[in-house]
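Worksheet: the structure to be examined is printed underneath.
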Amino acid sequence: MKLRAARIALFLHVLQGTTALAQDPLPGKSILDVSSFFMPPHQTWAQIDPSANADVLVTEMAGEGDLGFRVFHLKESVQGKKQASIDLARSKLIQTGDILLSFRPLWDKTLAYAHMQLGVSHSAIAFIVSENGEPLVVTLESPISYSSPLNSPEHYSDLDAIHVVRPTLDAIQKENLEKWGRLIITHRDKFKFYTDYSMPMYKRGVPGVTSPGDEIRLLAEIALVKLNVDFESYCSEFVWSILGLRKCDPSAFNESCISPIFQTGNGMLTGLIPKISGDAGLVQGPEATLTKGNFSDSDRTGILTNSVFVDVLTDPSQLTGRMSAGHIKVAEENSDNMKVLNGYYKAGEPAALAGEINKGVTANVSPTSFLLRSDAGLDGLKYVGTIVFDRH
């Protein structure tokens, strides 16, 4: 199967599990016209109700195999503005506890590391709040200054697309998360951004933090002002830790209620599990997508070795404007690792080589982890849709 550009399938989602024809809001090339392996498998999509707000149009976009996007079209004029938060809240398409993933379509056909990350650069957690009777979507994220009704100029002013991934939460768990969110934002000066995504908190020598689960307890104790220290985390650590408190009521906190949304130490990020057999490793987002998208083994291997784990653009000047300098640097540092992974897939995913690749890999959680787990059909995570700002 030859990988081709995604095509617009012009139909509007109007009922759970059903669709009806609609006009493409922007005829011509869409910003989401990307390689199919960036697209979530249909079988991993959440069921949703119709948009309750005419300012948010829902369409679907199809790729190869059983892959595609459910697109939430907002007006261009609301990008980076509070009105985007109002429009989404009115649509009722976003729920408290949803994970918002910054998606960079321009990473398509650039560098192998960017492909492996499925174009995802950042994660946040969403809350539905009321301001003067008006519902808003607000975020909580690290850096804490990004936390906003989708209008932080540091992040949202140039963010063209946002994936929404939904964890399985009941009403009590959402209420608990809201309480934790209010505590965290009340003590926002205690929450700092940590820049090195390769060094999780439990590996930094932080007192009392020797496992990923300890990070969740530390966050709770800082939010409850039981400890006078800072919680320094990168974005995905922060979101993962907050979600680990979903079963905990802050007014009666006991660490026995801590429950990681997924385990980072049981194979999740310790390397490669051939054919996504019950788990998925850090680098397996594209493999999970193609596997759940019902690609044949030969087609999947061909895409992974010819389109995913390859550097398409090697001239730095070609990358300017498509990737930040920081992400380019990380991609360059991981270039040799991407070549090893390409060889692994070309060799037919031998278990012995997977074991060698696993050695020394630290259990961790990246911004892509949430989409990766959803694409692999794991942990009750579901793809809800992708927000774009393309309506006139």
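The values are calculated or read from the model by the stated rules, or taken from the named source; none is laboratory data. Only a predicted model underlies this, so the values are computations on that prediction, with no experimental measurement involved. All Cβ positions, even for glycine, are placed from backbone atoms using ideal geometry, and neighbour counts span all protein chains on display. SASA here: full protein model, heavy atoms, side chains in, ligands and nucleic acids out. Shrake-Rupley method; radii C 1.70, N 1.55, O 1.52, S 1.80 Å.
Extension gain for the segment S130 to N254, taken as residue separation times 0.36 nm less the Cα-Cα distance, is 41.7 nm to one decimal.
For K359, the lysines whose Cα comes closer than 25 Å to its Cα, not counting residues fewer than 8 places off in the same chain, are K203, K275, K329, K339, K346. Note on K174: lysines with a C-alpha under 28 Å away, same-chain residues under 8 apart excluded, are K81, K82, K92, K190, K192, K226, K247, K382. Between the amide H of K382 and those of R166, distances stay under 5 Å, these residues lying 5 or more places away or on another chain, with hydrogens modeled in the peptide plane.
Annotation note: trypsin sites (Lys or Arg not before Pro) in region 114-212 located in DSSP loop regions with a Cβ neighbour count of at most 13 within 10 Å are R204. Taking the accessible area of the chain, probe 1.4 Å, and keeping the other protein chains in place, the carbon and sulfur fraction comes to 52%.
Taking every DSSP helix (H) stretch of at least 4 residues in the chain, weighting each as -39,500 (n - 2.57) and dividing the sum by the residue count yields a mean residue ellipticity at 222 nm of -8000 deg cm²/dmol.
For the chain, the residue among S374, A124, L106 whose Cα projects farthest onto the positive side of the dipole built from Cβ charges is S374. Comparing G213, G205, G119 in a Gaussian network model of the chain, where Cα atoms under 10 Å apart are tied by springs, the biggest mean-square fluctuation is seen for G205.
Rounded to 0.05, the FRET efficiency of the E333 and K247 pair, given R0 = 51 Å and the Cβ-Cβ distance, is 0.85. Near the amide H of V34, within less than 5 Å, lie the amide hydrogens of A6, all on another chain or at least 5 residues away, with H placed in the peptide plane. Taking Lys and Arg as +1 and Asp and Glu as -1, the other residues whose beta-carbon sits under 15 Å from that of K329 total -4. I need the shape label for region 27-142. Rule: rounded when a/c is under 1.5, else prolate if a/b > b/c, else oblate, with a, b, c from the alpha carbon gyration tensor. Prolate, because a/c is 1.5 or more and a/b exceeds b/c. Of the GluC sites (Glu not before Pro) found in region 95-168, the ones in coil according to DSSP and having at most 14 other Cβ atoms within 10 Å of their Cβ are E154.
Note that region 154-171 has calculated 3J(HN,Hα) couplings of 5, 9, 7, 5, 10, 8, 7, 8, 9, 7, 10, 10, 10, x, 7, 10, 9, 4 Hz, one per residue in order, obtained from phi through the Karplus relation 6.51 cos²θ - 1.76 cosθ + 1.60 (θ = phi - 60°); glycine and proline are x. Residues whose amide H comes within less than 5 Å of that of D390, counting only those at least five positions distant or on another chain, are L74, E76 (H built at 1.01 Å from N in the peptide plane).
Would region 64-214 count as rounded, prolate or oblate if I go by the C-alpha gyration tensor, calling it rounded below 1.5 in a/c and otherwise prolate when a/b exceeds b/c, oblate otherwise? Here region 64-214 falls in the oblate category.
Largest GNM mean-square fluctuation among L227, L74, L282, using the chain with Cα springs under 10 Å: L227. Ranking F193, N53, N342 by how far each Cα lies toward the positive end of the dipole of the chain (charges on Cβ) leaves N53 at the top.
Taking only Cα atoms and a 10 Å spring cutoff, compute GNM fluctuations for the chain and point out the largest among N342, N151, N334. Of N342, N151, N334, the most mobile in the Gaussian network model is N334.
For region 31-40, backbone phi angles converted through the Karplus equation (6.51, -1.76, 1.60; θ = phi - 60°) give residue-by-residue couplings of 4, 8, 7, 10, 4, 4, 5, 7, 8, x Hz, Gly and Pro being listed as x. Rounded to 0.05, the FRET efficiency of the T195 and V225 pair, given R0 = 22 Å and the Cβ-Cβ distance, is 0.25.
For the chain, the Cys residues with no second cysteine's beta carbon closer than 4.7 Å are C235.
Placing unit charges on the Cβ atoms of the charged side chains and taking the dipole of the chain about its Cα centre, the candidate lying farthest along the positive direction among S35, S91, V330 is S91. 3J(HN,Hα) couplings calculated from phi for region 105-114 with the Karplus curve 6.51 cos²θ - 1.76 cosθ + 1.60 (θ = phi - 60°) are, in sequence order, x, 5, 6, 4, 6, 10, 10, 4, 4, 5 Hz; Gly and Pro show x. Charging the Cβ of each Asp and Glu at -1 and of each Lys and Arg at +1, and nothing else, the dipole of the chain about its Cα centre rounds to 180 debye. The dipole here belongs to region 88-237: it is taken about the Cα centre, uses +1 on the Cβ of Lys and Arg and -1 on the Cβ of Asp and Glu, and is about 180 debye.
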